[in-house]
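Comments concern the structure below.
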């Protein structure tokens, strides 16, 4: 189930909101329990078998966090409220082992389900290179990737790390902690929120008409982005990337189409998630800030998927040493962080190269930033968008060979195949120019949803209602409605 599906819009969401607001008279914990129940129902709609896995990892993280907070594993001796650990203070051996247990268990689950097949295929490839085909391993089974495992794993890791560092107090009640992990707005595709950011909201929050109105506006704008912009641009990108042959113009049109698709797909989902959070009384952090207006790759990562870049910076880049250990180590830390961030997106060499490209650009900009900053602003924005486009080719192509071939077509370095003219005829249609034109106008000419919804006027309310109604009408006629980040 996705936010932009008929069953969610017309059945699941209304029933969830109705139950939640009927519990408005009740305790905060009862509302949290309702969010846990609906979150698990939402998660298990397509793959019920993985509900048990999420419950098991959530239970283990909750128990280990209390062991860490109380410095005692004997739960029958736990009395009173767990105290906030002293930031920067010494930790006992038991506390360190509780932290390690949570980190290792989460990363093991993520590694087995997400990277086992990648490791097996890489090993088999090496065996073929060295002529050891008999040593290849081809099991009769394949692991299925649980929905949203990358996102809720990072959420759980932020919890245990925040408790260990003294940035947040451990959740005594299992329902409250489960709500943090499994509430449906951010369960399967983020935003990846730090536990310390949501801790007090989980304990106490208010439901107001202003929050609900802004949340509804957020949701309708996000739905419009997804249905009216991401889906048409995605059809264009699929036509170009899946073609057996394409020309120079078709390759660039497909790359731009995919850049718009992934932006409106994910920023639209984030808008809907933030909107749902507001409807439930939560204030989430901004996740996108006009990333294609960035004038450097460094600036791009301040604007794109802000919750992930913040997570990587705080829990990976800074612990590696950040920029405190000299220039060479800083460049290494940037590369390592982005390569691991790319690998987090998917078990493929494509994602590793995508991360390496961005990490290399971050290092180059840190080294030559003073010179780069003297260039005209429009030139910096155009160059940055070009670098991002090249990266998106690795992100979208099915494998490395396909990515290199697509980049060659973007450079006009390959001879046209017999079907190139047909691809051009399929791509260069009036709807394509309309989709790309409107998408470009929104990307470079419209305010962010976060800013636009701060103050709702009657005109904005009517515009949101009209946008939502149009999106629902178009949704009823669309068969193409994928969501890119569900595969991560």
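The values are calculated or read from the model by the stated rules, or taken from the named source; none is laboratory data. Being a predicted model, the structure only gives us computed values, none of them experimental. Don't worry about glycine lacking a Cβ; one is built from the backbone with ideal geometry, like all the others, and counts go over all protein chains shown.
Please go through (1) within 30 Å of residue 198 (Cα to Cα); (2) buried (at least 24 other Cβ atoms within 10 Å of the Cβ); (3) touching a helix residue (DSSP H, G or I) at 6+ places or on another chain (Cβ under 6 Å) for residue 212 and return the number of the only condition it doesn't satisfy.
(2)
With the structure loaded, tell me whether residue 23 is modelled with pLDDT of 90 or more and more than 25 Å from the chain's Cα centre (by Cα) or whether it fails that test. Before you say what the answer is, go through the steps one by one.
Values: modelled with pLDDT of 90 or more: no; more than 25 Å from the chain's Cα centre (by Cα): yes.
So residue 23 does not fit the description; no.
Taking residue 77 as the residue in question, decide whether it is within 15 Å of residue 172 (Cβ to Cβ), surrounded by 14 or more Cβ atoms within 10 Å (Cβ to Cβ) and more than 26 Å from the chain's Cα centre (by Cα).
On the way: within 15 Å of residue 172 (Cβ to Cβ): yes; surrounded by 14 or more Cβ atoms within 10 Å (Cβ to Cβ): no; more than 26 Å from the chain's Cα centre (by Cα): yes.
No; evaluated as a whole, the condition is false for this residue.
Assuming residue 155 fulfils every condition listed in (1) under 19 Å from the mean Cα position of the chain (by Cα); (2) within 24 Å of residue 47 (Cα to Cα); (3) surrounded by fewer than 24 Cβ atoms within 10 Å (Cβ to Cβ) apart from one, which condition is it?
(3)
Can you name the condition, by its number, that residue 456 falls short on among (1) under 29 Å from residue 252 (Cα atoms); (2) surrounded by 15 or more Cβ atoms within 10 Å (Cβ to Cβ); (3) over 27 Å from the mean Cα position of the chain (by Cα)?
(1)
Enumerate the helices (runs of 4 or more DSSP H) found wholly within region 1-114, keeping only those where 3 or more residues are farther than 30 Å from residue 275 by Cβ.
Values: elements: 13-22, 28-44, 51-70.
Here the list reads 51-70.
Report whether or not residue 402 is outside any loop (DSSP other than H, G, I, E, B), without any contact (Cβ under 8 Å) to a residue 40 or more places away in the chain and at negative phi. If you could, list the steps in order and put the result at the bottom.
Working: outside any loop (DSSP other than H, G, I, E, B): yes; without any contact (Cβ under 8 Å) to a residue 40 or more places away in the chain: no; at negative phi: yes.
When the stated conditions are applied, residue 402 does not pass them.
Restricting region 345-364 to residues that are in a helix (DSSP H, G or I) and out of contact with any helix residue (DSSP H, G or I) (no Cβ under 6 Å at 6 or more places or on another chain), which is nearest to residue 389 (Cα to Cα)?
First, the residues of region 345-364 that are in a helix (DSSP H, G or I): 345, 349-364.
Next, only the ones that are out of contact with any helix residue (DSSP H, G or I) (no Cβ under 6 Å at 6 or more places or on another chain) stay: 360, 364.
Values: 360: 15, 364: 18 Å.
Among those that are in a helix (DSSP H, G or I) and out of contact with any helix residue (DSSP H, G or I) (no Cβ under 6 Å at 6 or more places or on another chain), it is 360.
Residues checked against (1) surrounded by fewer than 18 Cβ atoms within 10 Å (Cβ to Cβ); (2) in a helix (DSSP H, G or I):
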| position | (1), (2) |
| --- | --- |
| 167 | no, no |
| 188 | no, no |
| 191 | no, no |
| 196 | yes, yes |
| 200 | yes, yes |
| 207 | yes, no |
| 216 | no, yes |
| 221 | no, yes |
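Identify, from the list 411, 340, 389, 407, the residue that is surrounded by fewer than 20 Cβ atoms within 10 Å (Cβ to Cβ), under 19 Å from the mean Cα position of the chain (by Cα) and within 15 Å of residue 251 (Cβ to Cβ). Lay out the reasoning, then the answer.
Values: 411 fails: under 19 Å from the mean Cα position of the chain (by Cα); 340 fails: within 15 Å of residue 251 (Cβ to Cβ); 407 fails: under 19 Å from the mean Cα position of the chain (by Cα).
So the residue among 411, 340, 389, 407 that is surrounded by fewer than 20 Cβ atoms within 10 Å (Cβ to Cβ), under 19 Å from the mean Cα position of the chain (by Cα) and within 15 Å of residue 251 (Cβ to Cβ) is 389.
Please go through (1) closer than 27 Å to residue 340 by Cα; (2) surrounded by 13 or more Cβ atoms within 10 Å (Cβ to Cβ) for residue 416 and return the number of the only condition it doesn't satisfy.
Of everything listed in (1) closer than 27 Å to residue 340 by Cα; (2) surrounded by 13 or more Cβ atoms within 10 Å (Cβ to Cβ), residue 416 misses just condition (1).
Here is a check on your reading of the model: is residue 260 under 30 Å from residue 211 (Cα atoms), at pLDDT 95 or above and not assigned by TED's automatic domain parsing to the domain that holds residue 158?
Numbers: under 30 Å from residue 211 (Cα atoms): yes; at pLDDT 95 or above: yes; not assigned by TED's automatic domain parsing to the domain that holds residue 158: yes.
Considered against the rule, which asks whether it is under 30 Å from residue 211 (Cα atoms), at pLDDT 95 or above and not assigned by TED's automatic domain parsing to the domain that holds residue 158, residue 260 comes out as yes.
Restrict the check to region 123-137 and report whether at least one residue is without any contact (Cβ under 8 Å) to a residue 12 or more places away in the chain, part of a helix (DSSP H, G or I) and surrounded by 14 or more Cβ atoms within 10 Å (Cβ to Cβ). If you could, list the steps in order and put the result at the bottom.
Residues of region 123-137 without any contact (Cβ under 8 Å) to a residue 12 or more places away in the chain: 125-135.
From the residues that got through so far, the ones that are part of a helix (DSSP H, G or I) too are 125-129, 133-135.
In the following step, the residues that additionally are surrounded by 14 or more Cβ atoms within 10 Å (Cβ to Cβ) were identified as 127.
Yes, region 123-137 has at least one match.
Could you tell me whether residue 384 is within 25 Å of the chain's Cα centre (by Cα), farther than 30 Å from residue 153 by Cα and buried (at least 20 other Cβ atoms within 10 Å of the Cβ)? I'd like the intermediate steps shown before the answer.
Working: within 25 Å of the chain's Cα centre (by Cα): yes; farther than 30 Å from residue 153 by Cα: yes; buried (at least 20 other Cβ atoms within 10 Å of the Cβ): yes.
Against the criterion (within 25 Å of the chain's Cα centre (by Cα), farther than 30 Å from residue 153 by Cα and buried (at least 20 other Cβ atoms within 10 Å of the Cβ)), residue 384 qualifies.
For residue 289, indicate whether it is farther than 26 Å from residue 201 by Cβ and either touching a residue at least 24 places away in the same chain (Cβ under 8 Å) or out of contact with any strand residue (DSSP E or B) (no Cβ under 8 Å at 6 or more places or on another chain) (or both). If you could, list the steps in order and put the result at the bottom.
Numbers: farther than 26 Å from residue 201 by Cβ: no; either touching a residue at least 24 places away in the same chain (Cβ under 8 Å) or out of contact with any strand residue (DSSP E or B) (no Cβ under 8 Å at 6 or more places or on another chain) (or both): yes.
For residue 289, the condition - farther than 26 Å from residue 201 by Cβ and either touching a residue at least 24 places away in the same chain (Cβ under 8 Å) or out of contact with any strand residue (DSSP E or B) (no Cβ under 8 Å at 6 or more places or on another chain) (or both) - is not met.
Scan region 80-104 for residues that are at pLDDT 90 or above and over 21 Å from residue 172 (Cα atoms) and jot them down.
Those that are at pLDDT 90 or above and over 21 Å from residue 172 (Cα atoms): 93, 104.
With the condition kept exactly as written, say whether any residue in region 312-319 is surrounded by fewer than 20 Cβ atoms within 10 Å (Cβ to Cβ), touching a helix residue (DSSP H, G or I) at 6+ places or on another chain (Cβ under 7 Å) and touching a residue at least 40 places away in the same chain (Cβ under 8 Å).
Within region 312-319 (the criterion being surrounded by fewer than 20 Cβ atoms within 10 Å (Cβ to Cβ), touching a helix residue (DSSP H, G or I) at 6+ places or on another chain (Cβ under 7 Å) and touching a residue at least 40 places away in the same chain (Cβ under 8 Å)), the answer is yes, since at least one residue qualifies.
Just one of the numbered conditions (1) touching a helix residue (DSSP H, G or I) at 6+ places or on another chain (Cβ under 9 Å); (2) over 13 Å from residue 243 (Cβ atoms); (3) in a helix (DSSP H, G or I) is not true of residue 412; which one?
Looking at each condition in turn, residue 412 falls short on (3).
Test of understanding: among 57, 16, which residue is modelled with pLDDT of 90 or more and farther than 26 Å from residue 219 by Cβ? Explain how you work it out, then say what you get.
Numbers: 16 fails: farther than 26 Å from residue 219 by Cβ.
Only one candidate passes the filter, namely 57.
Could you tell me whether any residue of region 114-122 is farther than 30 Å from residue 44 by Cβ and exposed (fewer than 10 other Cβ atoms within 10 Å of the Cβ)? Outline the logic, then answer.
Narrowing region 114-122 to residues farther than 30 Å from residue 44 by Cβ: 122.
Checking the rest, the ones that are also exposed (fewer than 10 other Cβ atoms within 10 Å of the Cβ) come to none.
Within region 114-122 (the criterion being farther than 30 Å from residue 44 by Cβ and exposed (fewer than 10 other Cβ atoms within 10 Å of the Cβ)), the answer is no, since none of the residues qualifies.
Out of all the residues in region 237-246, is one or more within 25 Å of residue 299 (Cα to Cα), in a helix (DSSP H, G or I) and in contact (Cβ under 8 Å) with a residue 40 or more places away in the chain? Walk me through how you get there before you give the answer.
Quick first cut of region 237-246, residues within 25 Å of residue 299 (Cα to Cα) only: none.
No: region 237-246 contains no residue that is within 25 Å of residue 299 (Cα to Cα), in a helix (DSSP H, G or I) and in contact (Cβ under 8 Å) with a residue 40 or more places away in the chain.
Can you find even one residue in region 467-484 that is out of contact with any strand residue (DSSP E or B) (no Cβ under 7 Å at 6 or more places or on another chain), within 27 Å of residue 339 (Cβ to Cβ) and assigned to a helix (DSSP H, G or I)?
yes
Considering each of 426, 420 in turn, give the residue that is modelled with pLDDT under 80 and either outside the structural domain of residue 242 (by TED's automatic domain parsing) or closer than 17 Å to residue 258 by Cβ (or both). Full working, then the answer.
On the way: 420 fails: either outside the structural domain of residue 242 (by TED's automatic domain parsing) or closer than 17 Å to residue 258 by Cβ (or both).
When all the criteria are applied, what remains is 426.
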